[in-house]
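Following: one structure in structure tokens, then a few remarks.
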Amino acid sequence: MKFVFSNTLSLSLLESYPPMAQGTIDVMTQNQYLGASLTPIITAPDPGAFNQALIEALQQISANQYPARAQKLAELIADRLTDLVGLQEMFRFTCQETGALPGACSEPSIAGAFNDHLQRTLDELAEL
């Protein structure tokens, strides 16, 4: 029921949107892919393998440089003057120090993995 209500509400709102009066609306969707496969983490057979897989995934996510990707996405949205944007796989990665490994969150090989994808994209759009 919630799904039907959401679609009905969305359609009602869109009908009152000025471009809809002209019969056109530009819709864009983008999958943001987090930047690494989670399969090795999920299928790790023991805690040691889990930790290793997690570190490797964070290194890969960091290497994929989400801030630069967010900037390019914001430019694409702004250039198209898109009316409606749907974003999938928007992640918020944070790191909390536990005391076991002081400074682990700021380790250069993984520090770039910790981002709020949605907020970063919104910030980039605001700058444009």
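The values are calculated or read from the model by the stated rules, or taken from the named source; none is laboratory data. Nothing here was measured: the structure is a model prediction, and the numbers come from that model. Quick reminder, even Gly has a Cβ in these numbers, built from the backbone with ideal geometry, and neighbours come from all protein chains shown. Please note that ligands, DNA and RNA were not included when accessible areas were found on the heavy atoms of the full protein model with its side chains. Shrake-Rupley method; radii C 1.70, N 1.55, O 1.52, S 1.80 Å.
Evaluation of ASP79 against the conditions (1) under 24 Å from ILE25 (Cα atoms); (2) open to solvent by less than 60 Å² (accessible area, probe 1.4 Å); (3) not basic (Lys, Arg) shows that the sole unmet condition is (2). Selection of the range 82-100 for residues being assigned to a loop (DSSP other than H, G, I, E, B) and touching a Ser or Thr at 6+ places or on another chain (Cβ under 8 Å) yields only MET90. Here THR98 clears all of (1) open to solvent by 80 Å² or more (accessible area, probe 1.4 Å); (2) at pLDDT 90 or above except the condition numbered (2). Residues in the range 101-112 that are modelled with pLDDT of 90 or more, open to solvent by 80 Å² or more (accessible area, probe 1.4 Å) and assigned to a loop (DSSP other than H, G, I, E, B): GLU107 alone.
Restricting attention to the range 28-52, the residues being assigned to a strand (DSSP E or B), modelled with pLDDT of 90 or more and loosely packed, with under 14 Cβ neighbours inside 10 Å number 1.
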